[in-house]
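The values are calculated or read from the model by the stated rules, or taken from the named source; none is laboratory data. All values derive from a computational prediction rather than experimental measurement. Every residue, glycine as well, gets a Cβ built from its backbone with ideal geometry; the counts of neighbours run over all protein chains shown. For accessibility, only protein heavy atoms count, side chains too; no ligands or nucleic acids. Shrake-Rupley method; radii C 1.70, N 1.55, O 1.52, S 1.80 Å.
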Amino acid sequence: MSWVDRRTPAVERILDAAGGLFAARGVDAVAMGEIAAAAGCSRATLYRYFPDRPALQLAFVQREAVRVGALVAADAPATVTDAVLAALRHVR
């Protein structure tokens, strides 16, 4: 089962917390326990949804790719260049 199948408020809180910590300190500098604490859940809850660090990182990247893709599509870019520029705007 992929993370998409298990999107719950807890998963969203965990991914939001992970994103904030990743942005502030870098992906490699953040421990799973720190993410759990920032999300307001136990490590057991975190590991119920994400069996390891790579799974959590992949879920975060997938969620953000979907988010950015939707924002770019909403901009209705006329050219590939416009689409790339829109993606860069939304990633920042």
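Suppose all protein chains stay in the model; what accessible area per residue would a 1.4 Å probe give for the chain, in Å²?
Details: 5540 Å² over 92 residues.
That works out to 60 Å² for each residue.
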For a Förster distance of 30 Å, can you work out the FRET efficiency between the beta-carbons of R43 and A70, rounded to the nearest 0.05? 0.45
When the accessible area of region 1-84 is split by element with a 1.4 Å probe, what percent falls to carbon and sulfur? 62
Compute a Gaussian network model of the chain, connecting alpha carbons closer than 10 Å, and tell me which residue from D75, D16, D52 fluctuates the most. D75
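Using a Förster radius of 30 Å, what is the FRET efficiency between M32 and H90 based on their Cβ-Cβ separation? Nearest 0.05, please.
The formula returns an efficiency of 0.60 here.
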Unit charges at the beta carbon, dipole of the chain: most positive-side option, A73, V61, P9: P9
Mean Kyte-Doolittle hydropathy of 1.6 or higher plus an axial Cα length of 18 Å or more: which whole DSSP H helices in the chain meet both? none
Based solely on C-alpha atoms, express the radius of gyration and the Dmax of the chain in angstrom. 14.9, 47
